[in-house]
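Written below as C-alpha cells is the structure these notes are about.
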Amino acid sequence: MDWSWIPEYSDRLISGFWLTLQLLLMSATMGFMLAIPIGLVQNTGPKWLSMIARGFCTTIRGTPLLIQLWLIYYGVGSLFPDIDGIRESFLWPYLRAAFPYAVTAFTLSVAGYTGEIMRGAFAGVPKGELEAARAMGMSPFKVLVRIWLPRAVQNVFPTLAGEFVLTLKATPLAATITIYELFGRSTEIRQDTFRVYEPLLLVAGIYILMTAVIVVIFRWFENRIPKPSIA
Amino acid sequence: MFESLQLLWIETPGRGLSLLAGLVSTIQIAVGAYALGLIIGLFGALGKINGPAPLKWLLEIYTTLIRAVPELVLILLLYYAGTAALNNMLESFGYETANISGLVAGILVLGFVQGAYSTEVIRAAMLAVPKGQVEAAQAFGMSRRQSVLRILIPAMIPFALPGLSNLWLIVTKDTALLAVVGFFELATTVRESAASTQKYLLFYLAAAAIYLTLTLVSNVIFRRIENRYRRGQAAV
C-alpha cells in the first residue's frame, strides 16, 4: 500500500467532497419538498392526483437510479439542442452542464422514495388531532403546517435519516455522467497514479465517516424532538 | 420517435434480441446474487445470534462496513480485490491465472453485498420468533441443528419475507451498477444500443419499462408467497 499520492491530490479530493455534499444536500432538500405534496395528495387529494402520485412513486422505486440518471442526462438532454434558439437563451449554460441533470435525477429519486414514506406518515397521524385542530378554527393550511406535517415527520424521523444515508450512497452514480464528485475524483486519481485500491479505499473511508456523521446528527435531532406519544 | 420503435423489435435493425439477452443475464445475476446473499445471511444471522464473540465482531464489522459504503465503490473494490486475490491464490498453488466470467464475478460481488443486508433481515426475523418455540423443540430432545432446521428457520420466514422481498427488488436494480464495470447485462446492452443508434431517449425509456415490469411481476409473486406463509396468522 502506498499513500504518498495523497498530498498531491488532496485539493481534488476536497473539491470532490464538496461536490458530493452539494449534490446530497440539494437533492435531499428539494426531494423532501416534493415528497410532502406527493404524500399528501395520496391521503386527501382527488382520486386522479393521488393515482398520479402513486404511479410516480412506483415508477421511481421500480427502476434503477442509474437508468433514471442516464435517461435524464443522455435521453432528455439529447432533446434540448434541437429546440430552436435555445443555444442563445440564458438556460443554455445550465442545459449543457451535467450537474443540474444529476440534481434533477437524484431529487426525483428522493421524492419517489420519501413520498412513499410520507404517505404512510400522514396516514399515521391520529384523525382526532386533525379534527381538534379544525375545531380550533385552523385553516387547512395551518392544520398542515402546525399539526399534520410535524406529527408525520416525528413518526418517521428515523426512516428519513436512513433515506438520507441512501441518498449519500447514491451520489457516486453521478460520476458516470462526468461529474467529478468524490468517487469521480478517485477514478481520476486511479487513472493518474495507476494505484488500483488505495484511492478506492480512501473514498470508501470518507463515505463511512460521512455516514457516521449523518447518523450522529440525525440522532441528535431525534433526541431533541419529543417522542411520539402514540406509536 | 414512433418509426424508431422498430429498433426495439427483434428483426435486424431492431435490438430486441440483445436487449432480451441482457435481461436474461440480469435475471441470472440477480437470482444468483440473491441466493448467495441468502446463504450468507442465514449463516451470518445464526453467527450473530449464537456464535462466539470474535465471530460476532467480525460479522458486525462486515454488515456495518458493507452497509455504509456506496454499492458502486464496493463493486469496484470487490471486483478488483477479488480477482487479484483469486489469481494470487491460483498462482501460489501453481495454477494458471483464471479469467473470471462477468456472470460469476457479478454474482459473487453483488451476493457478498446482499449478504450483509440479508444477515440483518434474517437476524431480526429470528429474534422475532418466540423463544418458547425453540425451547419447546429442545425440550422434545431435538438437537441444536434439528431445532434450527425444523423450528427456527420455518418460523422466522413469515417475519423475514417483507424484508427479503425488498432485498430482491434492490438486487435486481443493483445489477444495473455492473454496467459501470462493463459486465454484460441489461443496462450495458441498453447503453451500447443507445450509443450506436443515437436514440438515447428511446432506449433508456425501454430499459426503465423493462426494469419496472420486472419489479411489478416480482411484487405479485412475493405477495403470493407472503400470503401462503401467513396463512392462519393474524394480519400485521
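Coordinate-derived values only; no laboratory data. Fair warning: this is a prediction, and the values are worked out from it, not measured in the lab. Note that we place each Cβ from the backbone using ideal geometry, even for glycine, and neighbour counts take in every protein chain shown.
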Item checked: Computed FRET value (nearest 0.05) for A:Trp92 with B:Phe43, which takes r as the C-beta separation and R₀ as 41 Å -> 0.15
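Would you work out the relative contact order for the stretch B:3-229, in percent, from Cα pairs under 8 angstrom that are 6 or more residues apart?
On the way: 233 pairs, mean separation 63.8, N = 227.
That works out to 28 percent.
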Checklist line | 0 to 90° range, to nearest 10: angle between helix A:198-224 axis and chain A longest Cα axis | finding: 20 degrees
Next item on the list: Using only alpha carbon pairs under 8 Å that are at least six residues apart, calculate the relative contact order of the stretch A:6-224 and give it in whole percent.
Entry: 30 percent
Next item on the list: For every other residue with a beta carbon closer than 15 angstrom to the beta carbon of B:Ala136, add +1 if it is Lys or Arg and -1 if Asp or Glu, then tell me the sum.
Entry: +2
Next item on the list: Select from A:Phe164, A:Phe56, A:Phe194 the residue whose mean-square fluctuation is largest in a Gaussian network model of chain A (Cα-Cα springs shorter than 10 Å).
Entry: A:Phe194
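Rounded to the nearest 0.05, what FRET efficiency do A:Asp2 and B:Glu60 give with R0 = 41 Å and r taken as the Cβ-Cβ distance? Could you check? Spell out each step's value before the answer.
On the way: r = 30 Å, r/R0 = 0.73.
According to the calculation, E is roughly 0.85.
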Item checked: Loop-exposed GluC sites (Glu not before Pro) per DSSP, neighbour cap 12 Cβ within 10 angstrom, longest uninterrupted part of chain B -> B:97-236
Notebook entry, point to check: Number of Lys-Lys pairs in the protein assembly as shown under 22 Å by Cα, sequence gap 8 or more or different chains?
Noted result: 7
Check: Once whole DSSP H runs in chain B are found, which of them have Cα atoms spread over 18 Å or more along the helix axis and a mean Kyte-Doolittle score of at least 0.5?
Finding: B:16-50, B:53-68, B:71-92, B:102-128, B:153-174, B:200-229
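Determine, for A:Phe90, B:Phe184, the number of other Cβ atoms within 10 Å of each Cβ, and report the residues in order from fewest to most.
Details: A:Phe90 6, B:Phe184 19.
With the fewest neighbours first, A:Phe90, B:Phe184 line up as A:Phe90, B:Phe184.
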Next item on the list: Any chance you could give the angle, 0 to 90 degrees and rounded to 10, that helix A:182-193 forms with the longest Cα principal axis of chain A?
Entry: 10 degrees
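Can you tally the net charge around A:Ser27? Count Lys and Arg as +1, Asp and Glu as -1, for every other residue whose Cβ sits under 15 Å from the Cβ of A:Ser27.
Numbers: positive: A:Lys169; negative: A:Glu163, A:Glu181.
Charge balance near A:Ser27 sits at -1.
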Check: Top mean-square fluctuation among A:Glu181, A:Glu129, A:Glu198, Gaussian network model of chain A, C-alpha springs under 10 Å?
Finding: A:Glu129
Check: What number comes out for the charge environment of B:Ile40, summing +1 per Lys or Arg and -1 per Asp or Glu over other residues with Cβ under 15 Å away?
Finding: +1
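Taking the Cα centre of the stretch B:3-229 as origin, sum charge times position over the Cβ atoms of Lys and Arg (+1) and Asp and Glu (-1), and report the length of that vector in debye to the nearest 20. Before the final figure, lay out the partial values.
On the way: 15 positive and 12 negative charges, 177 e Å.
With Lys and Arg at +1 and Asp and Glu at -1, about 840 debye.
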Item checked: Simple label model, 7 Å out from Cα along Cβ direction - A:Ser139 to B:Arg144, nm -> 6.7 nm
Checklist line | Mean shadow area of the protein assembly as shown, taken as a quarter of the surface of its Cα convex hull (nm²) | finding: 29.8 nm²
Check: With point charges of +1 on the Cβ of Lys and Arg and -1 on the Cβ of Asp and Glu, referenced to the Cα centre of the protein assembly as shown, which listed residue (B:Gly82, A:Leu200, A:Ala53) lies farthest in the positive direction of the dipole?
Finding: A:Ala53
Next item on the list: Take the alpha carbon gyration tensor of chain B, find the square roots of its eigenvalues, order them as a ≥ b ≥ c, and report rounded if a/c is under 1.5; if not, report prolate when a/b exceeds b/c, else oblate.
Entry: oblate
Check: If contacts are Cα pairs under 8 angstrom and at least 6 residues apart, what is the relative contact order of the stretch B:173-234 in percent?
Finding: 19 percent
Margin query: Please compute the modelled spin-label separation between A:Ser15 and A:Met33, points set 7 Å along Cα→Cβ, answer in nm with one decimal.
Written below: 2.8 nm
